[in-house]
Amino acid sequence: MKIVLQNLTKKFPNRNKKNRSEIIAVNDFTFEVPDGSLVGLLGPSGCGKSTTLNLICGLEKPSSGKIFFGEEDVTNLPPENRGVGMVFQNYALYPHLTVEQNILFPLQNLKGKEKLSKQEMQKRVQEAARLVQIEELMERRPGELSGGQQQRVAIARALVKMPRVLLLDEPLSNLDARLRLQTREEIRKIQRATGITTIFVTHDQEEAMSISDQIVVMKDGVIQQIGRPQEVYDHPDNLFVAKFLGTPPVNVFDGTVRSGVLYIGDDPVCPAPGIPDQEVTAGIRPEGFLLQEDGPFHCRLVGVEVMGRDISIVCTNSAARTGQIRAIVGASHAAGVTMPSGSDIRFSVKPEKAAIFSRESEERF
Ligand code: ATP
């Protein structure tokens, strides 16, 4: 089922005695999550991700705007009638109940029309456990499980009520790096298998990019960009989005456009067709540099970091905003970087990996 947010806004009162202006946690959100898709909400701490989820599941009431599940306006529906499954960062499993009892719990509370027979409940619990592959663990208590296993129990508990919508709020942040990787793949698989429209909140851009059909990048309660992960990475609408996506991060320079060419310092770095002459901000992705002896872009070598398949060439350039810049090239090129640190090193720049932004508005041309 698709989810539609229409001009959704949430304001909180400000308790700061010196500043009584309201906090706008979510500011005029309008977007649609297509039926059966997984959308990642992404942004720095405090940008309004959790508030957006809380509005969708009904734990918070919007100050204005509407929420639709399919064609149904659910804005004023209480959380228990929305058919939403939610998984939080702290899985909040009941420690004294077994895995099976934890998953069963939401079904035991169903009332009236929704009440299920014992057999139906058992069937649903088994089905949810099978989906997340924890059938072997049903008799254990949460304290006897690994973090990843607990996370799967929490997902099974959210799935057992057959929700129309699944909301995941930083579900992986308590897991170590390897388990995070594995669990995010599992979440993707489960989501595909069930086809439940899912919204996933994270501040980890790599995580969001790797499993989402679409990402929504947010800043200070305002949507910055919505799109397929690769599309947003390759075509960021503004400097914030460019800087937020990608590791190592995009290299940012003060630049100038003259006669349709981007200059960094005096170096003509790449074409800038259609952009009027002016001072600009340029972002070049680390993978956008090509080592080239007679390349147009001069930098000063600091050192080389070997990262297995690739090497990272660390250098400086007086126009770089970030101090040091990083160029990622294939490890086979490492042999070419034999000069001592402090030497002049030259690159050409792949135009498709360079983005040019207005110096003032920071919007992309
Ligand atoms: P994090 O990644 O740190 O969890 P977030 O993106 O989920 O952050 P929210 O928790 O949605 O951010 O908070 C958005 C803004 O709203 C923040 O400035 C926060 O301080 C504020 N806020 C959230 N809940 C309340 C509340 N109940 N009362 C007042 N302000 C709130």
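The values are calculated or read from the model by the stated rules, or taken from the named source; none is laboratory data. Note that the coordinates shown come from a computational prediction; the quantities given were computed from them, not determined experimentally. Using ideal geometry, Cβ is built from the backbone for each residue, glycine included, and neighbour counts are taken over all protein chains shown.
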| remark: Taking the range 205-219 and the residues there that are at pLDDT below 95 and among the acidic types (D, E), the one that is nearest to V165 (Cα to Cα) would be E207
| remark: Within the range 172-214, the count of residues that are within 16 Å of the ligand (Cβ to nearest atom) and farther than 25 Å from P249 by Cβ comes to 2
| Matching residues, the range 304-323, being farther than 17 Å from P340 by Cβ and not aliphatic (A, V, I, L, M) | G308, R309, D310, S312, N317, S318, R321, T322, G323
| request: Would you check if there is a residue in the range 259-272 being of a type in the set (S, T, N, Q), in a strand (DSSP E or B) and either surrounded by 15 or more Cβ atoms within 10 Å (Cβ to Cβ) or without any contact (Cβ under 8 Å) to a residue 24 or more places away in the chain (or both)? | output: no
| Hey, any hits in the range 112-128 for a residue that's modelled with pLDDT of 85 or more, within 23 Å of L175 (Cβ to Cβ) and of a type in the set (S, T, Y)? | no
| query | Out of all the residues in the range 181-204, which are in a helix (DSSP H, G or I) and closer than 15 Å to R164 by Cα? | reply | I190, Q191, R192, A193, T194
| Only one of (1) in contact with a helix residue (DSSP H, G or I) (Cβ under 7 Å, 6 or more places away or on another chain); (2) among the acidic types (D, E); (3) over 24 Å from L97 (Cα atoms) is not met by E135, so which one is it? | (3)
| How do the pairs read when you match residues in the range 215-238 that are at negative phi with residues anywhere that are among the basic types (K, R), using Cβ under 8 Å and keeping only pairs 6 or more apart or on different chains? | I215/R228; M218/K49; H235/R364; P236/R364; D237/R364; N238/R364
| Failed item in (1) surrounded by fewer than 14 Cβ atoms within 10 Å (Cβ to Cβ); (2) under 16 Å from P248 (Cα atoms); (3) within 27 Å of the chain's Cα centre (by Cα), with R326 passing the rest | (1)
| field | Among (1) part of a helix (DSSP H, G or I); (2) under 11 Å from the mean Cα position of the chain (by Cα), the one test that Q230 misses | value | (2)
| remark: Across (1) within 16 Å of the ligand (Cβ to nearest atom); (2) surrounded by fewer than 21 Cβ atoms within 10 Å (Cβ to Cβ); (3) modelled with pLDDT of 95 or more, G227 clears everything bar (1)
| query | Within the range 35-63, restricting attention to residues that are under 19 Å from P13 (Cα atoms) and among the charged types (D, E, K, R), which residue is nearest to the ligand (Cβ to nearest atom)? | reply | K49
| request: Return the residue satisfying two criteria in turn: it lies in the range 6-34 and is surrounded by fewer than 16 Cβ atoms within 10 Å (Cβ to Cβ) and near the ligand (Cβ under 8 Å from one of its atoms), and of such residues it is nearest to D220 (Cα to Cα). | output: F12
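Every residue, every condition in (1) of a type outside the set (V, I, T); (2) more than 24 Å from T256 (Cα to Cα); (3) assigned to a strand (DSSP E or B), yes or no:
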site	(1), (2), (3)
V280	no, no, yes
E287	yes, no, no
L301	yes, no, yes
V329	no, yes, yes
S341	yes, yes, no
| message | Which numbered condition in (1) more than 27 Å from the chain's Cα centre (by Cα); (2) loosely packed, with under 14 Cβ neighbours inside 10 Å is the only one that D254 fails? | response | (2)
| note | Expected output for the range 33-57 (first residue part of a helix (DSSP H, G or I), partner within 12 Å of the ligand (Cβ to nearest atom) and of a type in the set (V, I, T), Cβ below 7 Å, 6+ apart or cross-chain) is K49/V201; S50/V201; T51/V26; T52/V26; L53/V201; L55/V26
